[in-house]
Amino acid sequence: QVQLVESGGGLVQAGGSLRLSCAASGSILRINTMGWYRQAPGKQRELVARITSDGSTNYADSVKGRFTISRDNAKNTVSLQMNSAKPEDTAVYYCRMSISPSVYWGQGTQVTVSS
């Protein structure tokens, strides 16, 4: 059984920074793609950023240049550094990991950016 636990959410003022982390535990041989998604009230869940096992990254256009995703394979963790936060970044953020043969999601962490 695999569990993902997120941390680091909270309240930040516009222009500020926040760092989210997600750690996987359990029976893990190899983690393929890791990613962060978010869901704002009344909206669909959307991809924020993801990173492959070889370190390739891609980002949603709305966060390019402001957010950075990174991973630590030794610790089975993925992080999201959020800089220059905007009120429209307010959402519940979920980490997602592809651990063959399944995909796992974290429980979500609230990020609120005040204007």
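The values are calculated or read from the model by the stated rules, or taken from the named source; none is laboratory data. In this text the structure is predicted, and so the values were computed from the model without any measurement. With ideal geometry, Cβ positions are generated from the backbone for all residues, glycine too; neighbour counts draw on all protein chains shown. What goes into the accessible areas is simple: the full protein's heavy atoms, side chains included, and nothing from ligands, DNA or RNA. Shrake-Rupley method; radii C 1.70, N 1.55, O 1.52, S 1.80 Å.
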**Complete:** Note on the range 74-94: residues part of a helix (DSSP H, G or I) and open to solvent by less than 50 Å² (accessible area, probe 1.4 Å) are Asp89
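Taking the stated definitions as given, is Arg71 open to solvent by 40 Å² or more (accessible area, probe 1.4 Å), within 13 Å of Val5 (Cα to Cα) and not aliphatic (A, V, I, L, M)?
no
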**Fill in**
Among the residues of the range 95-108, the number that are assigned to a strand (DSSP E or B) and surrounded by 21 or more Cβ atoms within 10 Å (Cβ to Cβ) is 2
**Prompt:** Being open to solvent by less than 60 Å² (accessible area, probe 1.4 Å), in contact with a Leu (Cβ under 7 Å, 6 or more places away or on another chain) and among the aromatic types (Phe, Trp, Tyr), is that true of even one residue in the range 24-41?
**Reply:** yes
**Message:** Residue pairs, Cβ under 7 Å, 6 or more apart or interchain, first in the range 1-28 and over 14 Å from Thr109 (Cβ atoms), second open to solvent by less than 30 Å² (accessible area, probe 1.4 Å) and part of a loop (DSSP other than H, G, I, E, B). List them.
**Reply:** Ala14/Ala85; Gly15/Ala85; Gly16/Ala85; Ser17/Ala85; Ala24/Ile31
